[in-house]
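Quick note: the coordinates plus some simple rules give every number you see, no bench work behind them. Quick caveat: nothing in here was measured; it's all calculated off a predicted structure. Methodologically, a virtual Cβ is constructed for each residue, glycine included, from the backbone with ideal geometry; neighbour enumeration extends over all protein chains shown.
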Amino acid sequence: MISSNKCVEKTDCLWRSVFLLLLPAQDLLMAIQHITAPQYAPPEVLTEDSTAEAMAFLSVDIPLNLFQLSWLENYGIDSPRKADAFVFLGVRTTRGRLAGVALLVGRSLLLVHSPEAGAAEALGRWVRGQEVHLDHLVSDTPSVDAFWRGYAHADAHLEDPPAPLQAQTHRAQMLYTLERHRWNYCNTLPERAAAGVHPRLARLDEIDAVFLASVRMHREETNIDPLEDDPDAFRRHVAHRISNGRCYVHFDAHRRLLFKAELSAHSRFGAQVSGVYTDPICRQKGIATAALFDICKQLFEGGARRVTLYVNDDNEAAHRVYRKVGFVPHAPYQTIFV
């Protein structure tokens, strides 16, 4: 005997099917998408209880999320200085499954990862609704694109919405990775690499040279001059990297800085290299290849599992250097300067 509740459920299902069949094609498609699309709960600030869950979510693709994973390991999920320093954000489906994670640093830098576009869009709308004014957004291309749609069009639901937010620059990039087990098979100095290049950690008394190189690199990579924005903050950033042993330099015999690179992340998951810069008069001489090779050697000998970095798509010279060292493309990446 069929219960009355089951009869009601079957009747509802029947009428829903009839309703869908009577809709015009375009409306039918929209209705089906609405029914099948994942529904998300409002985004939330993740707390200590969510640390293991966030770690597992991001660890599905460690090279892609190495920066966030390293931050989570080194600083935890909840800043002791609260939201002014950093927060991890999460968005869940209505059933409670974590569908997206973002790291917001200083209310200006954001990294996001979500395999579901709807979840990343929801994070974007929520962040904009908190009146967070991002300076730049960086992560894998699908996550960045979806987040930006939500962030830039956060007011689209209004009756008379303003124009969407316009970014200063969109940078298409490629994320490269070099795994330690692969390095063991290719750890000989590449051909045409300069001899005698062994970068070392920078010292604070060398900050003037490192600061100038960092400014030039930033201009080249972003078309944005940090000296016109907040030079003191930029210098503090450079000093912080040096003080924490995350800046490598190579000087010639005349104390001229020929090469510098930084570590933006370093943990048991690996290291991420950033801020790679070679003096223009020393380019195409094998210095960058030799220097980066030696940095990777130092990192692997120190126990790093992998090294990652990302580079603008249009910087073919850098792509050649990284491939010579042994890096392989991992995923399309993107940076948006807001």
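General remarks:
- Cβ-based net charge around V328, under 10 Å, with every Lys or Arg adding one and every Asp or Glu removing one: +1
- Angle between the chain longest axis and helix 117-129 axis [Cα atoms, degrees, rounded to 10]: 80 degrees
- With 0.36 nm allotted per residue and the present C-alpha distance subtracted, the R255-L158 stretch has 29.0 nm of extension available.
- Under a 5 Å amide H cut-off, with hydrogens placed 1.01 Å from N, A99 pairs with V91, R92, T93 among residues at least 5 apart or on other chains.
- Residue-by-residue Karplus 3J(HN,Hα) for region 309-322, coefficients 6.51, -1.76, 1.60, Hz, glycine and proline x: 6, 9, 9, 4, 4, 8, 9, 5, 4, 5, 4, 4, 4, 5
- Residues whose placed amide H lies under 5 Å from that of F251, excluding near-sequence neighbours: L258
- Karplus 3J(HN,Hα) series, Hz, for region 56-64 with 6.51 cos²θ - 1.76 cosθ + 1.60 (x for Gly, Pro): 5, 4, 6, 6, 4, 9, 5, x, 5
- Angle in degrees between helix 141-152 and the longest Cα principal axis of the chain, rounded to the nearest 10: 70 degrees
- In the chain, lysine pairs closer than 22 Å at Cα, eight or more apart or cross-chain: 6
- Charges were assigned to the Cβ only: +1 to each Lys and Arg, -1 to each Asp and Glu. The resulting dipole of the chain about its Cα centre is roughly 1200 debye.
- Listed residues L227, L58, L137, most fluctuating in the chain (Gaussian network, C-alpha, under 10 Å): L227
- Each Lys and Arg Cβ is given +1 and each Asp and Glu Cβ -1; about its Cα centre, region 149-230 then shows a dipole of about 760 debye.
- E206 versus H133: modelled label distance in nm, points set 7 Å from Cα along the beta carbon direction: 3.7 nm
- Near I62: Cβ cut-off under 11 Å, other residues only, Lys/Arg at +1 and Asp/Glu at -1. The net charge is +1.
- Largest mean-square fluctuation among A119, A304, A253, in a Gaussian network model of the chain whose springs join Cα atoms under 10 Å apart, belongs to A253.
- By the count of neighbouring beta-carbon atoms within 10 Å, fewest first, C282, C247 end up ordered C282, C247.
- Sorting T335, T308, T47 from the fewest to the most surrounding beta carbons within 10 angstrom yields T47, T335, T308.
- Sorted by Cβ neighbour density within 10 Å, fewest at the top, the residues L204, L104: L204, L104
- Compared with the dominant principal axis of the Cα atoms in the chain, helix 25-36 is inclined by about 70°.
- Distance from the Cα centroid of region 58-111 to that of region 190-246 is 26 Å (rounded to whole angstrom).
- DSSP loop GluC sites (Glu not before Pro) with at most 11 other Cβ within 10 Å: longest gap in the chain: 192-338
- Computed lengthening from E228 to A52, 0.36 nm per intervening residue step minus Cα-Cα distance: 59.2 nm
- Per residue, the chain reaches -12500 deg cm²/dmol at 222 nm when only DSSP H runs of four or more residues are counted, each adding -39500 (n - 2.57).
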